[in-house]
Amino acid sequence: MERNPSEMDKIPETQKLGKLMASLFRASVADPGKLPENPKIPITELEHWELCNKCNMMRPKRSHHCSRCGHCVRRMDHHCPWINNCVGEDNHWLFLQLCFYTQILSSYTLILDFCHYYYFLPLKKENWDVFVFRHELALLRISAFMGLIILGGISRLFYTQLVGIFTDTTSIEKMSNCCEDISRPRKPWQQTFSEVFGTHWKILWFIPFRQRQPLRVPYHFANHV
Ligand SMILES: [Zn+2]
Ligand SMILES: [Zn+2]
């Protein structure tokens, strides 16, 4: 009996795609952690702030001035050209979700390609003369090729992002090796991930349809200075 994969898995695929699109949209438009023009700095935390020599504004340590966006971003990780936005304290969690759901969806695409090629609808040589089969085969190959490229690239990026959060180091800090000598409190991974996602509830780490509330961590601890 012929099976139709698109009907069989329509709902889960739509859900994954919805989450992916929500992460992409929100990561692109969300404020990554831009600093206000005149931040109110508590006196007790004054020593943990510094002056940016590019925009002459006070910012908490670990902030970075993004030359493309033209302002400082709190706990900036990097500027991502794919979302045309900085990845910083306030949207890092959305960027991680984007990587995660992209991996799931590209894996799913590869599995469907594989099943379609070998299992669901065997493309036999006698069908090759038919227009639709010839083109379907080409589309399958393109889909599998794109799936492999995206899965490989995003998996590598996601892995480095996870290592960064485990070690509580941003990509910028890793590149500049600025924090190797700084003794900072070793935090458990649950704490570093909770700070990025703004909640201790692990199930919520996977949900893009919510508002992130920063955990109330004082700067002297959050910024390991
Ligand atoms: Zn600046
Ligand atoms: Zn930027």
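The values are calculated or read from the model by the stated rules, or taken from the named source; none is laboratory data. Keep in mind that what you see is a predicted model, and the values were worked out from it rather than measured. Note that each Cβ is placed from the backbone with ideal geometry, even for glycine, and that neighbours are counted across all protein chains shown.
Contact map, segment 193-221: first residue under 20 Å from Ala30 (Cβ atoms) and buried (at least 18 other Cβ atoms within 10 Å of the Cβ), second residue modelled with pLDDT under 90 and small (Gly, Ala, Ser), Cβ cut-off under 6 Å, separation 6 or more or different chains; pairs are Pro208/Ala22; Pro208/Ser23. Of all residues in segment 170-201, those that are within 17 Å of the chain's Cα centre (by Cα) and at pLDDT below 90 total 0. Among the residues here, Leu148 does not qualify as within 30 Å of Arg62 (Cβ to Cβ) and at pLDDT 95 or above.
Every residue, every condition in (1) at pLDDT 90 or above; (2) more than 8 Å from ligand 1 (Cβ to nearest atom); (3) on the phi < 0 side of the Ramachandran plot, yes or no:
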{"position": "Glu47", "(1), (2), (3)": "no, yes, yes"}
{"position": "Cys52", "(1), (2), (3)": "yes, no, yes"}
{"position": "Arg68", "(1), (2), (3)": "yes, yes, yes"}
{"position": "Asn84", "(1), (2), (3)": "yes, yes, no"}
